[in-house]
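Reviewing the structure listed below.
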Amino acid sequence: MTVGAAVWAGIGAAWLVWLVASRLVRPLPGIDAVVKAFLGSWLGRVLALAAWAEAGWHLFGQRP
Amino acid sequence: MAGGRRRPTTTPIARLARAVGVVALAALVAWEGSLGRYSAASHASVLAVIVSVVLLALVAGRSRQRASSRTWAGGIVRMLREAAVWSVLIAATVSWDLASFVAQSHSLPTLSRILGAVTDHDWGRALVFAAWLVLGLYLTLGERRGPVARAAGEGPPRERPSTGGP
């Protein structure tokens, strides 16, 4: 396993652990709360849509 | 259903339009899965989806945003502090992806290169495209101040609504 793959595995595991923890422990904010917070105004929504558009263009139209 | 949100009644035409929309999106996903990422059709379709979603956001979201951008900007830092672990995870993901991109080394793959192993297959590309499409529609239509809530007299919006556009 390369260094990069190991780091990605660590980051992925951290995401998974925190996703489960925020589901099980009630007061912890989930990722849905973070996304919803960005959709509260036009500025946040435009930022979220810009990130979404860039990710889509890169993933489906360029070399990943 | 005392106190519950009243479901808006839908006409048969609205239901038919929704069904046609779902079928059209499913066809788009299936077709997109068959395209190569360098093809002109792929570039045109992804660009068309992005433009359509942005236009939909402007049309469907006019005067239906919960807070003004100024009010939101004041509260988002506090919110991200409360969700500190998520902020750290997102920052770590973006930072490592950027570092891997700058390094351009085979031992340091970018996130998109890892996902590329999935999107290289037709089914993988269609699946990831469907997820991206659903996320885009949620970012466009989700968390709006609905006309149903206003008509049903469920009280004023929590914060001052913003004006029409971004």
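Observations on the structure shown:
- Within the option set B:LEU28, B:LEU16, B:LEU55, B:LEU89, being out of contact with any Asp or Glu (no Cβ under 6 Å at 6 or more places or on another chain), within 24 Å of A:LEU16 (Cα to Cα) and modelled with pLDDT of 90 or more holds for one residue only, B:LEU89.
- Just one of the listed residues (A:GLY40, A:GLY10, A:GLY30) is more than 14 Å from the chain's Cα centre (by Cα) and closer than 14 Å to B:ILE90 by Cα, namely A:GLY10.
- When every residue of the range B:29-42 is checked against the conditions, at least one turns out to be under 17 Å from the mean Cα position of the chain (by Cα) and in contact (Cβ under 8 Å) with a residue 12 or more places away in the chain.
- Among the candidates A:GLY56, A:GLY40, A:GLY4, residue that is buried (at least 18 other Cβ atoms within 10 Å of the Cβ), within 7 Å of chain B (Cβ to nearest Cβ) and not in a helix (DSSP H, G or I): A:GLY40
- Residues in the range B:61-70 that are surrounded by 17 or more Cβ atoms within 10 Å (Cβ to Cβ) and either more than 7 Å from chain A (Cβ to nearest Cβ) or touching a strand residue (DSSP E or B) at 6+ places or on another chain (Cβ under 6 Å) (or both): B:GLY61, B:ARG64.
- Any hit, the range B:86-97, residues being buried (at least 19 other Cβ atoms within 10 Å of the Cβ), small (Gly, Ala, Ser) and facing chain A (nearest Cβ under 9 Å): no
- B:ALA40 meets each of the listed conditions (1) farther than 30 Å from A:GLY30 by Cβ; (2) in contact with a Pro (Cβ under 7 Å, 6 or more places away or on another chain); (3) not acidic (Asp, Glu) apart from (2).
- Evaluation of A:ALA33 against (1) under 17 Å from B:VAL51 (Cα atoms); (2) in contact with a Phe, Trp or Tyr (Cβ under 9 Å, 6 or more places away or on another chain) (one fails), failing number: (1)
- The residue that is farthest from the other protein chains (Cβ to nearest Cβ), counting only those in the range B:103-146 that are touching a residue at least 40 places away in the same chain (Cβ under 8 Å) and either farther than 22 Å from B:LEU28 by Cα or of a type in the set (Lys, Arg) (or both), is B:GLY146.
- All told, A:TRP18 falls short of being surrounded by fewer than 17 Cβ atoms within 10 Å (Cβ to Cβ), within 7 Å of chain B (Cβ to nearest Cβ) and in a helix (DSSP H, G or I).
- Subset of the range B:108-119 that is within 16 Å of A:ILE11 (Cβ to Cβ) and of a type in the set (Ser, Thr, Tyr) - its residue that is nearest to the chain's Cα centre (by Cα): B:SER112
- Identity of the residue in the range A:21-37, more than 9 Å from chain B (Cβ to nearest Cβ) and outside any helix (DSSP H, G or I), that ends up surrounded by the most Cβ atoms within 10 Å (Cβ to Cβ): A:VAL25
The values are calculated or read from the model by the stated rules, or taken from the named source; none is laboratory data. Computed from a predicted model, the values in this text were never measured in an experiment. Note: ideal-geometry Cβ built from the backbone for every residue, glycine included; neighbour counts use all protein chains shown.
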